Amino acid sequence: MNSIDKLTELFTKFPGIGPRQAKRFVYFLLTRDNYFLIELSNAIKNLKADSRICESCSRFYSKKYNSNLCDICNDKNRESDVLMIVAKDADLTNIERVGNYNGMYFVLGGFVSVLEKAPEQRIRINKLIDLLEKKIKDKDLKEIILALSLNPDGENTIDYISESLKPLLADKKIKITTLGRGLSTGAELEYLDDNTFQNAFKNRS
Ligand SMILES: [Zn+2]
């Protein structure tokens, strides 16, 4: 396969990128000088080596921040007993941008689709349970917020998590809420605007 087709094919693997847009990226790159292309390929080459996953919330962050926990988990001014569960890093970034949530997070790393046979391999459910066990032991948990997009995969993930956490939360005074109300069906948390998110957050139930 020639380089143009190869790179086009690779770009189509990006979320939300179709073949036409992928081709636009390739032609854009062909118009740039070599310095830009080397900078881009180095940034991609070093991305994994320079990043790590937070031991608590599982989000990606730069190794330059020299700690096993990310800056959010290390922030003593945040409410440590409220935990918001999101599907992916981009959702967390968008919620942080809106800025009215001051609790902690957990990043699942994906969704559980309706026909999934091995959900525990699709999302970090075991890591979530470990974290919750620790928080319950430390008496550091009063609310779990399921912040997942309202599409079939999101709703199925909510069901799967609620079911998985049942034994852990039985007889405990810990609220589980979802951002359901105030979100329209199919809404993607990654792209929510400030007002929609603030309303969904205020009306969580
Ligand atoms: Zn963290």
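Every number here is computed from the coordinates shown, using simple stated rules; none is lab data. As the structure is a prediction and not an experimental result, all values here were calculated from the model. Here the Cβ positions follow ideal geometry from the backbone for every residue, glycine too, while neighbour counts run over all protein chains shown.
Values of log10 I(q)/I(0) for the range 133-177 across q = 0.20, 0.33, 0.34 Å⁻¹ run -0.68, -1.23, -1.26, by the Debye formula with one identical scatterer at each alpha carbon and no solvent. Candidate cross-link partners of K166 among the lysines, defined by an alpha-carbon separation under 25 Å and a same-chain spacing of 8 or more, comprise K88, K117, K127, K134, K135, K137, K139, K142, K175, K202. One compactness figure for the chain is 1.17, namely its Cα radius of gyration divided by 2.2 N^0.38 Å. The stretch between L69 and Q121 holds 16.4 nm of extra length on full extension. This uses 0.36 nm per residue minus the Cα-Cα distance. Mean-square fluctuations from a GNM of the chain, with a 10 angstrom spring cutoff on Cα atoms, peak among R20, R52, R124 at R20. Secondary-structure-derived ellipticity at 222 nm for the chain, considering helices only, amounts to -13500 deg cm²/dmol, per-run term -39500 (n - 2.57) for DSSP H runs with n ≥ 4. Both numbers refer to the Cα atoms of the range 3-47; Rg and Dmax are 10.8, 28 Å.
The residues Y35, Y105, when put in order of fewest to most other Cβ atoms within 10 Å, stand as Y35, Y105.
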